[in-house]
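Bear in mind that the values in this text are calculations on the coordinates, not laboratory data. Worth saying up front: this structure is predicted, and the values here are computed from it rather than measured. Note: ideal-geometry Cβ built from the backbone for every residue, glycine included; neighbour counts use all protein chains shown.
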Amino acid sequence: MRRTLGALITAATLFAAPVAMAAPTCQDIKGDTIRCATPGAMPVGWTLPLQQRLERDRSPVEPVQLLRVICVLGIYFCLLAMLPEFERWSDEERS
């Protein structure tokens, strides 16, 4: 009963919360996001043409950066592998 009441209170609180409205964003001539009504901002809704956007997004990945990502992920998975095995709760631990 307590869990149901807690779940109902949580759901009511979340559904009663007001919706946050975000301000529109604009882009500059290079396609970077910029605040509207500032010098260099394009009109609201303007986007960089597809061809220019594809050329801009085609940045080569540096080998050093790729090596760093692989090392960080390797360390993360090694730490996960060193965790002790978890079987189940014993009766003494459920207090």
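Brief remarks on what is shown
- The number of residues in segment 1-48 that are loosely packed, with under 10 Cβ neighbours inside 10 Å and either touching a residue at least 24 places away in the same chain (Cβ under 8 Å) or not small (G, A, S) (or both) comes to 16.
- Index of the failed condition, G31 passing every other in (1) touching a helix residue (DSSP H, G or I) at 6+ places or on another chain (Cβ under 7 Å); (2) assigned to a helix (DSSP H, G or I): (2)
- Residues located in segment 54-95, provided they are surrounded by 10 or more Cβ atoms within 10 Å (Cβ to Cβ) and of a type in the set (G, A, S): G74
- Some residue of segment 64-76 being assigned to a loop (DSSP other than H, G, I, E, B) and not aromatic (F, W, Y): no
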